[in-house]
Amino acid sequence: MKKILRELSAAVQPDIEKFHLMYRDSLNSEVRLINTVINFISRRKGKQVRPILTLLAANICGTPTELTYRAAALVEMLHVATLIHDDVVDDADLRRGWPSVKRIWKNKLAILVGDYLFSKALSNMIHLRDFDALELLSTTAERLSQGEILQIEKAMKSNMSEEVYYRMVADKTASLISAACELGAITTTTDPERRTAMRIYGEKVGIAFQIKDDLFDIIGNAAGLGKPTGFDLKKNMLTLPLIHYFESLDESERVRLRRKLNNHAKRGDKAYLSKAIRESGSLDYTQEVIRRFSDEAREALHIFPDSPVKTALEAFIDFNLQRDF
């Protein structure tokens, strides 16, 4: 799977180097502590899926420009800011297998650095000089917050339908991936059909990506994920395998399990629940849903002629289907 990521990067390698320069320059601060935290984050930069998708989208629609690299940097700033804030909200000590910013510098500084990244992203929006891009990014920022708050609300109630789950996933994760792809198109073409295709591709592959992450909370491993498994069960977060399993139960059993979740189920309860989800067919159902959204993402690429960049975008769909981290 890491080989697929390398191949994705290879398709736009010169552009990635320009993005990295833009990203570093955009984050520089006169406050030394901010630079220290940013450098810590940058050394553990993760897969950088979103900016790579921005660059691939730009290349499939036209020729990347300086605005493309600025857009890719902006998308990564927004993503990292949400991760830092998520770790505070989730009280997470690990991020990508390393201590989180919140763990090292505590909540107050983590929130402020996340805010700094958001403000830097906002100031970089102006440089895009495109009303469509500004409108897209403002809508995306709203959707990101809305999705996170919806998840917290439903966790508190231990109640989420499959329909609401898809809306929550679309907002909290897919919205930024979709924006990353559409921004790449906006910076290189005025063709509305191509822009729409990249938006749909990003939305569908983003939903599939988050559902796969949720699946890892049942079948994953801490070393691969860079965070503890069973995390969503522990935090009472309802994900698709759990929602589907609940729907297979009668009302009394459903109430009993919800009560356990509300009362912070013990390790034995979580192990039992994980086993029951596996045996009920809910994991198979979740895999099928991931394939469905993946097929819809692939369909969005049909308007583009075959090319190495199109192959790379299709490979990202396959990467998500196959990945184990």
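At-a-glance table
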quantity: Choice from T187, T65, T173 with maximal GNM fluctuation in the chain (Cα, 10 Å cutoff); calculated: T65
quantity: Dipole-positive endmost among V101, L74, S119 within the chain (Cβ charges, Cα centre); calculated: V101
quantity: Extended-chain gain in nm, criterion 0.36 nm per residue less alpha-carbon gap, W98 and R6; calculated: 30.9 nm
quantity: Cα gyration tensor category, rounded, prolate or oblate, for region 80-155 with a/c compared to 1.5; calculated: oblate
quantity: FRET efficiency estimate (nearest 0.05) - Cβ-Cβ, Q287 to V255, R0 25 angstrom; calculated: 0.35
quantity: 5 angstrom amide H check on R95, placed H, neighbours 5+ away; calculated: S100
quantity: Nearest 10 degrees, 0 to 90: helix 13-27 Cα axis against the chain principal axis; calculated: 80 degrees
quantity: Under 14 Å from the Cα of K212 - aspartates and glutamates, other chains or at least 8 residues apart; calculated: D232, D284, E288, D318, D324
quantity: Per-pair calculated FRET efficiency, R0 = 30 Å: S145 and R24 via Cβ, rounded to 0.05; calculated: 0.65
quantity: Stretch in the chain that is longest and holds no trypsin sites (Lys or Arg not before Pro) that DSSP places in a loop and that have at most 16 other beta carbons within 10 Å; calculated: 130-265
quantity: Within a Gaussian network of the chain (alpha carbon springs, distance under 10 Å), most fluctuating of T196, T36, T139; calculated: T36
quantity: Top of L257, L176, L144 by mean-square fluctuation, Gaussian network on the chain, Cα under 10 Å; calculated: L257
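Only the coordinates and a few stated rules stand behind these numbers; no lab work does. From a predicted model like this one, the values you see are computed outputs, not experimental measurements. Reconstructed Cβ throughout: ideal geometry from the backbone, glycine too, with neighbour counts over all protein chains shown.
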